[in-house]
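Just below is one structure, and these are the notes that go with it.
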Amino acid sequence: MSTKTAPTVTALEAQGAANLFLSDHLGDRFLAVRPQLDEGGDVWRVPVVLTYAVVGPVGEVGAVIVSTSAEEVVSHTPVEEMRERARDLYEQHREQIEAPLS
């Protein structure tokens, strides 16, 4: 019989680690949100959204997976894939995103 141990990394710490990864690899339009503990309890899955200051989040582009035992990224949606999804979302929401600038 196996017992589950509580994560030593909190949801907030996992979100912070994911946001640091995003700032290092993607820039300021990407935000890690709402960490969820995976079924096994071994990692946090942290969704990544494309967001704009005036508009807010426009959609999910991927995820960053953070260990529950150390604030380290163990996996992530490929960076280029997140960029491509972000471009698609930008095109879908272009008018809404650019309206505050006009």
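Of note:
- Between the entries [x] 33, 24, 20; [y] 49, 28, 20; [z] 61, 23, 22, the label attached to Cα extents along the principal axes in Å calculated for this structure is [z].
- Considering only Gln92, Gln36, Gln15, the mean-square fluctuation computed in a Gaussian network model of the chain, springs between alpha carbons under 10 angstrom, is largest for Gln92.
- Once the C-beta distance of Arg94 and Thr51 is scaled by a Förster radius of 22 Å, the resulting FRET efficiency is 0.90 to the nearest 0.05.
- Sum of -39500 (n - 2.57) over DSSP H runs of 4+, divided by residues of the chain (222 nm, nearest 500): -10000 deg cm²/dmol
Every number here is computed from the coordinates shown, using simple stated rules; none is lab data. All of these numbers come straight from a predicted model, not from anything done at the bench. No Cβ is skipped: glycine too gets one built from the backbone with ideal geometry, and neighbour counts run over all protein chains shown.
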